[in-house]
Amino acid sequence: MTLALVLVAVAAAAWYIQQQRGPGAGSSAAAEARRLRTPLVHLANLIGIETARGRLADQWDAGATGEQRTAARLHPLTRHGWTVLHDRALPTGRANVDHLLISPSGVVVVGDTKRWSARYPVTVRNGRLMHGNRDVTTWLRGLHHETRTVAKALGCPAIPVIFMDGAPIPAGQLLFEGIRIVPADQALTALCSIARRHRACGEHPGRRAAALFTPYGRT
């Protein structure tokens, strides 16, 4: 078998193995990376050719890794009566929720992991959210939409939180456009504080949330 055929076979095998990964934290980001990283992209990587699709796939993979890291940090909440759901599809459309968290008292938090470069800080400047000198304000639209959708579906308020994995926050935490932005390694402290300061409404929505927001990729 020639070297070219071997490389093609390896690329095809790598693509097939990636397609078999199941749902869980970061599954939607990983799925997008798989979609972009076709056998031809795998082959290009094997022979050292960088492609735009390959770079974009790497970014999605980094996002999936960030979500998985946050999920590991949030896991201890399950021992204290929290409902902890990861990578859940919204009832309509193609959007997903990275982390849906419900305190023992019924306070609902919609969490979103952002894994941004640690080279640049996250700040608020002139009413805009900045990552270094890049204006990332519009990047929050998705979380606003997800929070409104969750609140409407559950019939109770939902609190949006960004878990920042990587990029430092000089102020410690930020509250911007109603979204609390906290370092990912302080997720547990931040969530417990939020649960203490907010009140739940009506019946605990944990079971309804698990039924309404199914794992990404499952029918």
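Filter region 86-118 down to the residues that are of a type in the set (Ser, Thr, Tyr) and closer than 23 Å to residue 202 by Cα and list them by number.
Passing the criteria: 103, 105.
Which condition from (1) at pLDDT 95 or above; (2) in contact with a Pro (Cβ under 8 Å, 6 or more places away or on another chain); (3) hydrophobic (A, V, I, L, M, F, W, C) is the one that residue 201 breaks?
All conditions pass for residue 201, except number (1).
Would you please name the residue that is surrounded by the most Cβ atoms within 10 Å (Cβ to Cβ), looking only at residues in region 93-106 that are out of contact with any strand residue (DSSP E or B) (no Cβ under 7 Å at 6 or more places or on another chain) and at negative phi? Break it down into steps so the answer makes sense when it comes.
Initial filter on region 93-106 (out of contact with any strand residue (DSSP E or B) (no Cβ under 7 Å at 6 or more places or on another chain)): 93-95, 103-106.
When the remaining residues are screened for being at negative phi, the result is 94-95, 103-105.
Working: 94: 8, 95: 14, 103: 22, 104: 14, 105: 12.
Ranking the qualifying residues of region 93-106, first place goes to 103.
Kindly evaluate residue 137 against the criterion of being polar (S, T, N, Q) and within 23 Å of residue 26 (Cβ to Cβ). Outline the logic, then answer.
On the way: polar (S, T, N, Q): yes; within 23 Å of residue 26 (Cβ to Cβ): no.
The answer is no for residue 137.
Of all residues in region 162-194 being more than 20 Å from residue 120 (Cβ to Cβ) and in contact (Cβ under 8 Å) with a residue 60 or more places away in the chain, which is surrounded by the fewest Cβ atoms within 10 Å (Cβ to Cβ)?
188
For residue 50, state whether it is at pLDDT below 95, assigned to a loop (DSSP other than H, G, I, E, B) and either over 22 Å from residue 207 (Cα atoms) or of a type in the set (Asp, Glu) (or both).
Working: at pLDDT below 95: yes; assigned to a loop (DSSP other than H, G, I, E, B): yes; either over 22 Å from residue 207 (Cα atoms) or of a type in the set (Asp, Glu) (or both): yes.
Here the answer is yes, as residue 50 does meet what is asked.
Tell me which of these residue 219 doesn't satisfy, since it passes every other one: (1) within 19 Å of residue 120 (Cα to Cα); (2) modelled with pLDDT under 95; (3) among the polar types (S, T, N, Q).
(1)
The values are calculated or read from the model by the stated rules, or taken from the named source; none is laboratory data. Source: prediction; values computed, not measured. Neighbour counts are summed over all protein chains in view; Cβ atoms, including those assigned to glycine, are modelled from backbone coordinates with ideal geometry.
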